[in-house]
């Protein structure tokens, strides 16, 4: 007598166990990677400082002080990184900018992961003509200058910050969809899926309970590589004046201001720029490290 | 034929390998793939190397021919026609490789360059080693394709690898090694990826090469049946060491080593008549 | 050319054309629903523009007919009048900006492809040596320093501090004025391409067929020339279209920073001033270019890889 329910549960156990040992191995390998570890620490520092730093600083990010405009960095005045053309403290503004840039990075990435995973699993799982059609669309959209589409969306719908999140996420889902589809296809061929089907599990249940949990690895890797891309996109927009609007600020806005004033006040460009570059580099190293940890190649 | 009656080096000694060790640097530390191997091959002989995966049989010959991957290195000596292949310079090694020594790899499906025509993959060897012109080299290529019994009608010279079957590709690999009249051919699991009928055709080609053209052959396989059909002498390897070494007939009928006995006991009864 | 090639191109066009139509429709719809745009009632336009728009867009006709007329006009290169520049059509604006952007774009793509590929191959062959680390280090900079950070810094350093190169202006296409913008534009692409090429070449170098080539006793330089390059360049061909898209995106920034009067600059100005017709027109131009590029990529790939079914 075959107890269908018990069999299904047994298969799920198997998948979970398989998953766990892979993770332990991968995390061990990740922590062996020096660059990745340093980057991880750096990133955590930047994020923490961005969130909590402003509470400890004496200046507020919109405090204008017409008596000390364009001050170079100095320890004495308390403006550790200098001031801008309105007398506002640069360090505080950079930290606030960090909050915004990082949160846009995360939120927009999750929007694109959400869309990408759904699109990719459907294309990969059902295969055939549907798959070919869906992927051809992705292929062509992939080669489009997404910035231009986002700009048009921003122009038409206004420069609302929340819309910015969605607009960015809506154009970044393509890579995720491709990867998810590839993974789904190779997972589809594995035995435990066939067994589930034989036991009569419905397609949507199979997708939700078996395929998606096993996608976790590649998804995490590509999140770390997508966040920098999103941050750059937001900064592009803000640089052009189409993204984050006053009174909010982001690294893109600060760099934009800085590049205009760089001849007389180099610190306005260099410091926000450095924060951005360091964050992007850290994310890249972490992403590379995760990719090597999950799928190591000897060479 | 006399020399094959005994397991000794004779005056027609072609390859003499002594104290060969092969190491690899991996993320788990340094591992030794081949431990103190000693073997030799005389002219016109077929030497079989048998062992499981990981026994070091392939790496032994990769190291001799300089085909080790970048994280591998070796020491010892491998004297071929008076030159020590292991300590020879890159240029010297390349003089032998492709000309006097041919190598046939295990997986014919991926061993040919996908974007080059077969004709060119054959003729470039003759152009390089024997300084032939392109047309002369192509002519020789067609001649060699006849030796490996590939049908002339198919205009193989202008085909691409993906248009051919596994068996045809493996014959082309053999043809590649024959282009410049080799004296030694090393064949690594040449029939493992092929079906049984093709397998026996390929083995027949090897036998013809040995008998008609006096080419020495090293045949590496994990399949004792293949070795029994082709080899004069056989070496058994386990965990990087040579555990048995002798005439095929002697080893098959009176094995000295435990592992060899175990291997032989795994042969299904209906093959034993050989 | 094989006869199959024509069938191949046709098949690809069949998918490309609907995509282009979708993008055009996207632009068309955006224009229609945009608040403050030419097609809503909240207009407060100077009468000349109002008149132009009424004429050009046949606003009394049903919407699907408007769409067909729009497409018909597009196919002869008529993008309609600019929404903000009273006396100019979008087509005229685009044509004036085209030489600048074309020079910038073409130079950058050629430099990116060649330099990126060569650096990538060298890094792969000399893997784990100082060559490799240097090249990968430079490429890391290209990836992590966005063009809008790199461009001002380059401008500051070479233009202001060292006084070697002009920091802005087109100057009739003077080569000196082009150097910094081209570097700023190409650097991110060189970075990506060199990494791709390195990874691809490493994979090819470790493949079975290169092992066979080595076993033939051939010289390394020959093997690289005839066996490796053509096999490792395939992913780069795939990347051609996204690379161009990246360059188009980047040119918007670079033209802005270096004050070059190209299409990208018009696009930004148009976006900031809500010149919908201009913005839509530029988008359609870019999209068409890219679709043509994708087609070229498909043909190139079929040519280079005999395994592709034509």
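The values are calculated or read from the model by the stated rules, or taken from the named source; none is laboratory data. As the structure is a prediction and not an experimental result, all values here were calculated from the model. Ideal geometry is used to build each Cβ from the backbone, glycine not excepted, and the neighbour counts take in all protein chains shown.
Restricting to region C:121-131, and then to whatever is without any contact (Cβ under 8 Å) to a residue 12 or more places away in the chain and assigned to a helix (DSSP H, G or I), can you tell me which residue is farthest from residue C:181 (Cα to Cα)?
Selected residue: C:130.
Need the failing condition index for residue B:129 against (1) closer than 24 Å to residue B:23 by Cβ; (2) at pLDDT 90 or above; (3) in contact with a helix residue (DSSP H, G or I) (Cβ under 9 Å, 6 or more places away or on another chain), just the number.
Tallying (1) closer than 24 Å to residue B:23 by Cβ; (2) at pLDDT 90 or above; (3) in contact with a helix residue (DSSP H, G or I) (Cβ under 9 Å, 6 or more places away or on another chain), residue B:129 fails exactly one: (1).
Those residues that are in a loop (DSSP other than H, G, I, E, B) and on the phi < 0 side of the Ramachandran plot, I need them from region B:32-46; list them, please.
Once the filter is applied, which keeps residues that are in a loop (DSSP other than H, G, I, E, B) and on the phi < 0 side of the Ramachandran plot, region B:32-46 yields B:43, B:45.
Restricting the first residue to region C:210-238 and requiring it to be at positive phi, which pairs with a second residue that is surrounded by 21 or more Cβ atoms within 10 Å (Cβ to Cβ) and not in a helix (DSSP H, G or I) meet a Cβ separation below 6 Å and a spacing of at least six or different chains?
Correct list of pairs: C:217/B:97; C:217/B:98.
Can you tell me which residue among A:99, A:181 is under 24 Å from the mean Cα position of the chain (by Cα) and over 30 Å from residue A:250 (Cβ atoms)?
From the options A:99, A:181, the qualifying one is A:181.
Is there a residue being assigned to a helix (DSSP H, G or I), within 14 Å of chain A (Cβ to nearest Cβ) and modelled with pLDDT under 75 anywhere in region C:54-63?
Taking every residue of region C:54-63 in turn, none turns out to be assigned to a helix (DSSP H, G or I), within 14 Å of chain A (Cβ to nearest Cβ) and modelled with pLDDT under 75.
Just a yes or no: is a residue in region A:209-228 within 14 Å of chain C (Cβ to nearest Cβ), under 30 Å from residue C:156 (Cβ atoms) and buried (at least 20 other Cβ atoms within 10 Å of the Cβ)?
yes
Against the definition (within 30 Å of residue C:174 (Cα to Cα) and at the interface with another protein chain (Cβ under 8 Å from one of its Cβ atoms)), how does residue C:268 come out, yes or no?
Spelling it out, residue C:268 is indeed within 30 Å of residue C:174 (Cα to Cα) and at the interface with another protein chain (Cβ under 8 Å from one of its Cβ atoms).
Would you confirm whether or not region A:255-266 contains a residue that is buried (at least 22 other Cβ atoms within 10 Å of the Cβ), part of a helix (DSSP H, G or I) and within 15 Å of the chain's Cα centre (by Cα)?
no
Output yes when any residue across region B:188-196 is part of a helix (DSSP H, G or I), closer than 20 Å to residue B:223 by Cβ and without any contact (Cβ under 8 Å) to a residue 12 or more places away in the chain, and no when none is.
Within region B:188-196, one or more residues are part of a helix (DSSP H, G or I), closer than 20 Å to residue B:223 by Cβ and without any contact (Cβ under 8 Å) to a residue 12 or more places away in the chain.
Hey, can you tell me all the residues within region B:217-243 that are assigned to a strand (DSSP E or B) and surrounded by fewer than 21 Cβ atoms within 10 Å (Cβ to Cβ)?
B:241, B:243, listed by residue number.
Output yes when any residue across region B:141-164 is touching a residue at least 12 places away in the same chain (Cβ under 8 Å), within 12 Å of chain C (Cβ to nearest Cβ), in a helix (DSSP H, G or I) and in contact with a helix residue (DSSP H, G or I) (Cβ under 7 Å, 6 or more places away or on another chain), and no when none is.
Yes, the conditions are met somewhere in region B:141-164.
Quick one: would you say residue B:123 is within 12 Å of chain C (Cβ to nearest Cβ), touching a helix residue (DSSP H, G or I) at 6+ places or on another chain (Cβ under 8 Å) and part of a helix (DSSP H, G or I)?
So residue B:123 passes the test.
If you take just the helices (runs of 4 or more DSSP H) that sit entirely in region C:211-310, which of them hold at least 1 residues that are at pLDDT 85 or above, in contact with a helix residue (DSSP H, G or I) (Cβ under 6 Å, 6 or more places away or on another chain) and under 17 Å from residue C:16 (Cα atoms)?
C:234-258, C:276-304
Checking residue B:68 against (1) in contact with a helix residue (DSSP H, G or I) (Cβ under 6 Å, 6 or more places away or on another chain); (2) outside any loop (DSSP other than H, G, I, E, B); (3) more than 7 Å from every other protein chain (Cβ to nearest Cβ), which single condition isn't satisfied?
Unmet condition: (2).
This table checks each residue for (1) within 11 Å of chain C (Cβ to nearest Cβ); (2) at pLDDT 80 or above; (3) more than 30 Å from residue A:85 (Cα to Cα).
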{"position": "A:235", "(1), (2), (3)": "yes, yes, no"}
{"position": "A:248", "(1), (2), (3)": "no, yes, no"}
{"position": "A:275", "(1), (2), (3)": "yes, yes, no"}
{"position": "A:295", "(1), (2), (3)": "no, no, yes"}
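In this structure, does residue B:49 turn out to be within 28 Å of residue B:195 (Cα to Cα), at pLDDT 85 or above and part of a strand (DSSP E or B)?
yes
Which numbered condition trips up residue C:304, out of (1) surrounded by fewer than 19 Cβ atoms within 10 Å (Cβ to Cβ); (2) away from chain B (no Cβ under 12 Å)?
(2)
Would you mind finding the one in C:118, C:109, C:95, C:143 that is within 13 Å of chain A (Cβ to nearest Cβ) and in a helix (DSSP H, G or I)?
Checking each option against the conditions leaves just C:143.
Taking the conditions exactly as written (over 29 Å from residue C:232 (Cβ atoms) and modelled with pLDDT of 90 or more), does residue B:112 satisfy them or not?
When the stated conditions are applied, residue B:112 does not pass them.
Within region B:108-131, can one find any residue that is in contact with a strand residue (DSSP E or B) (Cβ under 8 Å, 6 or more places away or on another chain), surrounded by fewer than 22 Cβ atoms within 10 Å (Cβ to Cβ) and in contact (Cβ under 8 Å) with a residue 12 or more places away in the chain?
Checked region B:108-131: no residue is in contact with a strand residue (DSSP E or B) (Cβ under 8 Å, 6 or more places away or on another chain), surrounded by fewer than 22 Cβ atoms within 10 Å (Cβ to Cβ) and in contact (Cβ under 8 Å) with a residue 12 or more places away in the chain.
Can you find even one residue in region B:86-93 that is under 14 Å from the mean Cα position of the chain (by Cα) and on the phi < 0 side of the Ramachandran plot?
No: region B:86-93 contains no residue that is under 14 Å from the mean Cα position of the chain (by Cα) and on the phi < 0 side of the Ramachandran plot.
Being in a strand (DSSP E or B) and within 13 Å of another protein chain (Cβ to nearest Cβ) is the filter here, so list the residues in region B:81-115 that pass it.
Hits for region B:81-115 are B:97, B:101, B:102, B:103, B:104.
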